[in-house]
Amino acid sequence: MMAIHLQEEINKLKRELLDQSARVEREVQRAMHSIERGDTVMANEVIDADLVINAKEVDIEEDCLKVLALHQPVAADLRFIISVIKINSDLERIADVAVNIAKRTLKFDKEKKVEAPFDYPVMMEKVLKMLKNSLDSLVKLDSGTATAVIDADDEIDDIHRLTYDTAKKRILEQPAHLQALLLWVAVSRHLERIADLSAHIAEDVVYLVEGNIVRHRTGG
């Protein structure tokens, strides 16, 4: 009987985590598009949505702790709960970064927007793909897709490093654009952070599926 209850609780946790994943992915997309379009209404909606995500994160964590206390799971079930706790935390941190991106949209609204010191649409698409694939790997328990996400993180780190160098040169050449260029550097840093956290989720999927800990292969 206890085993049946445990499986019911695990299935419930899985549903909650997948719902939260979809919620966070949607807000990240909206935050990134708000920058691209200069859409301050969308940016404010992303900021407001964070309250729901924060509340859900607390609910999921509490549910995990209850399952640990009541059922004392072992082996694969224990690994699953540990993974849920870690992925849940990373999702909430990704949502926080989405809020930071949305806040840059509001700041850009007050600045004369200048050309980004990096290819924003390309970096945005690469990061969104990493996030989507990390969450897909979670849904399908696919360690192959998860490993590809971990490997993709280096490319985003390289783009961010290049952004920083390009921005530095442009600030020296166009000091009047200092504030706008610094905003773009912050956006690049936020995108890099989402890539890092997506790689962390992918690492947890590999752990969940294979039992292997693959930390320290990513930069964040």
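On the given criteria, is L65 out of contact with any Phe, Trp or Tyr (no Cβ under 9 Å at 6 or more places or on another chain) and surrounded by 13 or more Cβ atoms within 10 Å (Cβ to Cβ)? Criteria not met by L65. Evaluate the following for D158: is it over 26 Å from Q20 (Cα atoms), out of contact with any Lys or Arg (no Cβ under 6 Å at 6 or more places or on another chain) and open to solvent by 10 Å² or more (accessible area, probe 1.4 Å)? Yes, satisfied. The listed residues are L191, L128, and the only one of them that is open to solvent by less than 60 Å² (accessible area, probe 1.4 Å), in contact with a His (Cβ under 9 Å, 6 or more places away or on another chain), in contact (Cβ under 8 Å) with a residue 12 or more places away in the chain and aliphatic (A, V, I, L, M) turns out to be L191.
Is it the case that some residue within region 76-98 is free of Cβ contacts under 8 Å to residues at least 12 places away in the same chain and closer than 20 Å to V187 by Cα? Within region 76-98, not a single residue is free of Cβ contacts under 8 Å to residues at least 12 places away in the same chain and closer than 20 Å to V187 by Cα.
When we screen E36, E57, E25 for residues that are open to solvent by 10 Å² or more (accessible area, probe 1.4 Å), under 15 Å from the mean Cα position of the chain (by Cα), under 18 Å from V187 (Cα atoms) and in contact (Cβ under 8 Å) with a residue 24 or more places away in the chain, the only hit is E25. Against the conditions (1) assigned to a helix (DSSP H, G or I); (2) crowded, with 17+ Cβ neighbours inside 10 Å, L172 satisfies every one except (2).
Exactly one residue out of V46, V52 is buried (at least 19 other Cβ atoms within 10 Å of the Cβ) and β-branched (V, I, T), and it is V46. Within region 140-166, residues that are in contact (Cβ under 8 Å) with a residue 12 or more places away in the chain have Cβ atoms under 9 Å from residues that are of a type in the set (S, T, N, Q) and open to solvent by 70 Å² or more (accessible area, probe 1.4 Å) in these pairs: S143/N212, counting only partners at least 6 apart in sequence or on another chain.
You will find that of A148, A152, the residue that is open to solvent by 50 Å² or more (accessible area, probe 1.4 Å) and under 19 Å from I87 (Cβ atoms) is A148 and no other. Out of the residues in region 74-84 that are among the β-branched types (V, I, T) and buried (at least 17 other Cβ atoms within 10 Å of the Cβ), which is nearest to V205 (Cα to Cα)? Across region 74-84, the extreme among qualifying residues is V84.
The values are calculated or read from the model by the stated rules, or taken from the named source; none is laboratory data. Predicted model, so just to flag it, every value in this text is computed and none were measured. Positions of Cβ are backbone-derived with ideal geometry, glycine not excepted, and every protein chain shown enters the neighbour counts. For the accessible areas, the whole protein counts, side chains as well, though only heavy atoms, and no ligand, DNA or RNA atoms are used. Shrake-Rupley method; radii C 1.70, N 1.55, O 1.52, S 1.80 Å.
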